[in-house]
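Chemist: Before we start, here is the structure in question, set down as structure tokens.
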Amino acid sequence: MKINVLIALLLITIAGCAVGPDYKRPQLDIPKEFVNDDSLMISDSLSLSIADTSWWSLFQDSVLTDLIHTAVKENTNILVASSRVEQYMALYGVAKSDMYPQIFGKATTPYGQFSSVNTGTEKNPTRAIFNIGISADWELDIWGKIKRSKESASAELLASEESRKGIILMIASQVASAYIDLLSLKKQLEIANNTVESRDYSIFLFKLRLARGDISDLELIQLESEFWVAKSKIPFIEKKISQLETAISILLGRNPGKIKTTNVLDNLIIPEIPTGIPSALLERRPDIKQAEQKLISANAKIGVVKSMYYPSISLSGILGLASNDLTTILDPQSRIWNIGGSITAPIFTGGKVSNQVKVAESVKKELLLTYIQTIRNAFKETEDAFSDRYYTQEQLAMEKNIVESLLKYKELADLRYREGVTSYLEVLDAERSLFSAQLQYADTQASLLKSVVNIYKALAGSWLEKLSKESLKK
């Protein structure tokens, strides 16, 4: 009796252990601050709240807000990712179920000749045996194989959820960037149409002057060539608008179609950039969380394969009824039961288990390197986003000065031409330079707004949790 108690205590003690390494987050050499951020500590709660706010609302454009909310709920890639999370949730349930006894009901009616050895008779008649019963099997998780499998499945589930959040993050930023580009193209189209309209009117006036002999054919031809240069921009921009509207429609989970806009590029508010953001906030990024959960899963799988070195102990039992005659199967004499156990231990596997352990360890090593690289890429994206924001703002300020200077140049060139001081070539040069500068300025405006989107995308934040929950609402 004492021996049985000792064995039971030993099994309980062993069952509390699990082979394989416990997960510990790797110690990484990561920067504590951003290179392109002057203030690296959060100075007040406002900065943190800006980092966590629903950044798309800061542009103060209701259409953009609606587009993002629609995409989050209906984008096909997000729906696919949600289905994948459901798959991993079910797989986690499968792994978890191995912790409990597996109970089955069973009824059989074999017919034939059965052994009559030790029955006291030499006859072995052909007969049927009716069996009704319940069987149970339970593998004791002495070495922690099931525990590690559950740990791995849990990490895979969390990784799939972070993958879904990462797709939401990407789709939201893509919708915002595409919408900003759409407004930029519409502004460029307006500039091109205004330029064409202005040059068309100039051609009309020049034809009148040519008829009076005031100007030569050369000046009219020069003006017409610049008219067609501006005119050729219109179909090019319209094509890009159409393609962009199609891309946005797909992001919204819709068929290609028009995207209605009620705002213009110049009216978009440039959101504040959170100052003093510590690098620790990058741990909220879904790609980093996903990479770590993959690493945790791989670490747990090492324990799963290492447990194959040790014996597998299972308990089983049957409770039921058995009889040669179906009419007597409910008699007390028809009861049957048994309980037992089995031990299966590897003796010779030809190196199969040891190689499986090597595979699991190499997978963990690969995912550790992937985790490190993911963190480095996260810092690179954030540094690039801050750098893009800073230098694009400087570029936009300079391009604004260029446009203002060229407007004055055009006014002076027109004045000099009307007074007969210079030829119309100077006016055409001023108009050509102004037209190009205006188009470039609109494009840089969009780049500056998109750089803000990229900063919020790089930092992630609690706003992503809100979008994630919203995407699950039907």
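The values are calculated or read from the model by the stated rules, or taken from the named source; none is laboratory data. Values in this document were obtained by computation on a predicted structure and should not be read as measured data. All Cβ positions, even for glycine, are placed from backbone atoms using ideal geometry, and neighbour counts span all protein chains on display. Please note that ligands, DNA and RNA were not included when accessible areas were found on the heavy atoms of the full protein model with its side chains. Shrake-Rupley method; radii C 1.70, N 1.55, O 1.52, S 1.80 Å.
Chemist: Among the candidates 336, 347, 375, which residue alone is open to solvent by 50 Å² or more (accessible area, probe 1.4 Å), touching a residue at least 60 places away in the same chain (Cβ under 8 Å) and either of a type in the set (A, V, I, L, M) or within 21 Å of residue 20 (Cα to Cα) (or both)?
Modeler: Of the residues listed, the single one that is open to solvent by 50 Å² or more (accessible area, probe 1.4 Å), touching a residue at least 60 places away in the same chain (Cβ under 8 Å) and either of a type in the set (A, V, I, L, M) or within 21 Å of residue 20 (Cα to Cα) (or both) is 336.
Chemist: Do the conditions hold for residue 245, that is, is it in a helix (DSSP H, G or I), acidic (Asp, Glu) and open to solvent by less than 50 Å² (accessible area, probe 1.4 Å)?
Modeler: Here the answer is yes, as residue 245 does meet what is asked.
Chemist: Here is a follow-up. Can you run down the residue pairs with Cβ atoms below 7 Å, 6 or more apart or on separate chains, where the first is in segment 118-134 and closer than 22 Å to residue 320 by Cβ and β-branched (Val, Ile, Thr) and the partner is in a loop (DSSP other than H, G, I, E, B) and modelled with pLDDT under 75?
Modeler: Short answer, once both residue conditions are applied: 129/114; 129/324; 132/329.
Chemist: Among the residues of segment 54-94 satisfying the criterion of being surrounded by fewer than 18 Cβ atoms within 10 Å (Cβ to Cβ) and outside any helix (DSSP H, G or I), which is modelled with the highest pLDDT?
Modeler: Selected residue: 60.
Chemist: Could you pull out the residue among 256, 274 that is open to solvent by 40 Å² or more (accessible area, probe 1.4 Å) and either at pLDDT 95 or above or within 25 Å of the chain's Cα centre (by Cα) (or both)? It would help to see each step written out before you state the result.
Modeler: Working: 274 fails: open to solvent by 40 Å² or more (accessible area, probe 1.4 Å).
Being open to solvent by 40 Å² or more (accessible area, probe 1.4 Å) and either at pLDDT 95 or above or within 25 Å of the chain's Cα centre (by Cα) (or both) holds for just one of 256, 274, which is 256.
Chemist: Being within 15 Å of residue 58 (Cβ to Cβ) and open to solvent by 20 Å² or more (accessible area, probe 1.4 Å) is the filter here, so list the residues in segment 412-461 that pass it.
Modeler: Residues of segment 412-461 within 15 Å of residue 58 (Cβ to Cβ): 448-457, 459, 461.
Those that are within 15 Å of residue 58 (Cβ to Cβ) and open to solvent by 20 Å² or more (accessible area, probe 1.4 Å): 450, 454, 457.
Chemist: Contact list please: Cβ distance under 7 Å, first residue in segment 397-422 and closer than 21 Å to residue 214 by Cβ, second residue of a type in the set (Val, Ile, Thr) and part of a helix (DSSP H, G or I), pairs at least six apart or on different chains.
Modeler: Pairs that qualify, where the first residue is closer than 21 Å to residue 214 by Cβ and the partner is of a type in the set (Val, Ile, Thr) and part of a helix (DSSP H, G or I), are 413/427; 414/427; 417/427.
Chemist: Restricting attention to segment 287-301, does a residue exist that is touching a residue at least 12 places away in the same chain (Cβ under 8 Å) and surrounded by fewer than 17 Cβ atoms within 10 Å (Cβ to Cβ)? Lay out the reasoning, then the answer.
Modeler: Of all residues in segment 287-301, those touching a residue at least 12 places away in the same chain (Cβ under 8 Å) come to 287-301.
Narrowing further to those that are surrounded by fewer than 17 Cβ atoms within 10 Å (Cβ to Cβ): none.
The answer is no, given that none of the residues of segment 287-301 is touching a residue at least 12 places away in the same chain (Cβ under 8 Å) and surrounded by fewer than 17 Cβ atoms within 10 Å (Cβ to Cβ).
Chemist: I need the full set of residues from segment 209-242 which are modelled with pLDDT of 95 or more and open to solvent by less than 40 Å² (accessible area, probe 1.4 Å), in order please.
Modeler: 234, 237, 241
Chemist: With respect to residue 389, determine if the residue is under 30 Å from residue 29 (Cβ atoms), touching a helix residue (DSSP H, G or I) at 6+ places or on another chain (Cβ under 7 Å) and assigned to a helix (DSSP H, G or I). Walk me through it before giving the result.
Modeler: Numbers: under 30 Å from residue 29 (Cβ atoms): yes; touching a helix residue (DSSP H, G or I) at 6+ places or on another chain (Cβ under 7 Å): yes; assigned to a helix (DSSP H, G or I): yes.
Criteria met by residue 389.
Chemist: A further question follows. Looking at (1) within 17 Å of residue 145 (Cα to Cα); (2) open to solvent by 40 Å² or more (accessible area, probe 1.4 Å); (3) not in a strand (DSSP E or B), which is the only condition residue 315 fails?
Modeler: Against the list (1) within 17 Å of residue 145 (Cα to Cα); (2) open to solvent by 40 Å² or more (accessible area, probe 1.4 Å); (3) not in a strand (DSSP E or B), residue 315 comes up short only on (3).
Chemist: Identify, from the list 342, 323, 312, the residue that is within 42 Å of the chain's Cα centre (by Cα), polar (S, T, N, Q) and within 30 Å of residue 132 (Cβ to Cβ).
Modeler: Result of the check over 342, 323, 312: 312.
Chemist: Now for a separate question. Just give me the residues in segment 429-473 being free of Cβ contacts under 8 Å to residues at least 40 places away in the same chain and farther than 20 Å from residue 64 by Cα, in sequence order.
Modeler: Scanning segment 429-473 gives 429, 430, 433, 434, 436, 437.
Chemist: Let me ask something else about it. Residue 49 fails exactly one of the following numbered conditions: (1) modelled with pLDDT under 90; (2) more than 25 Å from the chain's Cα centre (by Cα); (3) not aliphatic (A, V, I, L, M). What is the number of that condition?
Modeler: All conditions pass for residue 49, except number (2).
Chemist: Of the residues 133, 105, 120, which is at pLDDT 80 or above and exposed (fewer than 12 other Cβ atoms within 10 Å of the Cβ)?
Modeler: Residue meeting the stated conditions: 105.
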